[in-house]
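Heads up, the thing below is written out as structure tokens.
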Amino acid sequence: MKQIKSHIKIVFILCTLFFVLIGNAQQLETLIDEALTNNPEIQKFELQYKRVSEKVNELNTIPNTEFGVGYFVSEPETRTGAQRFKVSARQMIPWFGTITSRENYVSSLADAKYEDIVIAKRKLMALVSQSYYNLYANKAKQEVLTENIKLLETYETLALTSVEVGKASAVDVLRLQMRQNETQQLKDVLQQQFLAEQTNFNNLLNRDNDIIVNVVDRLMIPSEDFEINSESLALHPELLKYDKLYQSIEKSELLNQKESSPMIGFGLDYINVSERPNVNFSDNGKDIVMSMVALSIPIFNKKHKSQTKQNELEQQEIIVQKRERLNSLEILLSKAITERFSARISYTTQTKNLKQAKDAEQILIKSYETGTIDFNDILDVQELQLKFQMNLVEAVKMYYVQTSVINYLTN
């Protein structure tokens, strides 16, 4: 199990991490490993798997041996003497191969339960990654807002200077100040949202909510996407679980056939006989020992026929459920690929727009030197620049979030 866990984690990390962590930023790989170790949901599934696996030992038994003791209140007289008490022992034995069939059935259930662990680990890795990218985007947006606040402060200084020389009005200064207030408000809201997302992230790692999460300073969309193997979707653990469940039903039917077979019983009765007084013959007071063989046959029991029919219907249900889930996963994969491609297009567009907005900003600054600056234009350009910067961050976040979804589905 540990080897499979390590393999899944390595594949996931290699496909997801296109960036280099800078400074004191925590390695996402380390955080995912911590989550896999500490997350209570993973621990829950692991305990369930161990419990089901342990059930194999429970079934590796035969029915209890029956012992009986009887005392004759009214002692029956026989030729050899009066019967005083009786001791008996009986043991029923299942039909050949029944116990092995039980073990195989429970083992198949354990195999299906193990897939729950694999699925939960994949989901957890995706959730941790997505929460990490949300934290990155939030932090990056706060930095964008901080830069824009400083930029507005610079514009405010220019406006105050222009007011002094009569090239601008006090209204222009007030507009710039109001824009600063709005930008600061957005930053304050983001700070609160960061704390909420940080709490969510720490909960995924099952640690204290107030632990500070350090994220990368900058994420870049790679020049090329890694190749997606859509065929590997058919081997997704959510689908493999249905295969394991189907196999468990096959094992259940084999067990059902074995349990419909007779049971063989062996027994031994011992009867204590007292000697007859005043009588002398060779068998006087001879105890009685009787061996016994029993056969239990379910002649009038329709239980096993009904169980066979139920197993057939359950197998058909599993086939339909697998097909339905495969369709859902294919839709999810197609959507993730499309949205990731859209994020790349948005990233390219926003990069171009941002460059043009900065060029417009430089033109406006040069216009100030000639005394023709228009602060309404400055606010318009600043608003566009802020929009493009925020969209750029959102595009990067969306790219990596959708990448984590693709990794969940195909690796």
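What follows is calculated from the coordinates using simple rules that are stated; it is not laboratory data. Note that the structure is predicted; figures quoted are calculated from it, not measured. All Cβ positions, glycine included, derive from the backbone under ideal geometry; neighbour counts span all protein chains shown.
Quick one: net charge around E324, please, counting Lys, Arg +1 and Asp, Glu -1 for every other residue with C-beta under 14 Å from its C-beta.
Working: positive: K241, K322, R323, R325; negative: E238, E317, E330.
Local charge sum for E324: +1.
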Distribution of pairwise C-alpha distances over the chain, 20 Å bins, in %: 18, 31, 22, 14, 9, 4, 2, 0
Kindly write out, for segment 154-160 in residue order, the coupling ³J(HN,Hα) from the Karplus curve 6.51 cos²θ - 1.76 cosθ + 1.60 (θ = phi - 60°), rounded to whole Hz, with x marking Gly and Pro. 5, 5, 5, 4, 5, 5, 4
Label points 7 Å out from Cα along the Cβ direction at E250 and V289: separation in nm? 4.9 nm
Distance between modelled label sites at Q185 and F266, nm, 7 Å Cα→Cβ extension: 8.9 nm
What lysines sit close enough to K86 to cross-link, taking a C-alpha to C-alpha distance under 19 Å and skipping anything fewer than 8 places away on the same chain? K286
The ³J(HN,Hα) series, computed from each phi in segment 135-143 with the Karplus coefficients 6.51, -1.76 and 1.60 at θ = phi - 60°, rounded to the nearest Hz and given as x for glycine or proline, is 5, 4, 4, 4, 4, 5, 5, 4, 5
How high is the relative contact order of the chain? Use alpha-carbon pairs under 8 Å, at least six apart in sequence, and give a whole percent. 25 percent
So what J values fall out for segment 50-62 if you push phi through Karplus, 6.51 cos²θ - 1.76 cosθ + 1.60 with θ = phi - 60°, rounded to Hz, Gly and Pro as x? 5, 5, 5, 5, 5, 5, 4, 5, 5, 8, 7, 9, 10
Expected 222 nm ellipticity per residue - DSSP helices of 4 or more, -39500 (n - 2.57), all of the chain, to 500: -24500 deg cm²/dmol
Give me the number: length gained by fully extending E66 to K387, i.e. 0.36 nm times residue separation minus the C-alpha to C-alpha distance, one decimal in nm. 107.3 nm
Could you give the spread of the C-alpha atoms of segment 76-174 along their three principal axes, from largest to smallest, in whole angstroms? 141, 29, 14
With a Förster distance of 35 angstrom and the Cβ-Cβ distance between R207 and S306, calculated FRET efficiency to the nearest 0.05 equals 0.10
Amide H partners (placed H, <5 Å) of T78, local residues excluded: Q83
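Among the listed pairs K113/K335; K167/K387; K335/K355; K44/K121; K113/K322, which are separated by more than 22 Å between their Cα atoms?
On the way: K113/K335 29 Å; K167/K387 28 Å; K335/K355 30 Å; K44/K121 12 Å; K113/K322 16 Å.
Listed pairs above 22 Å: K113/K335; K167/K387; K335/K355.
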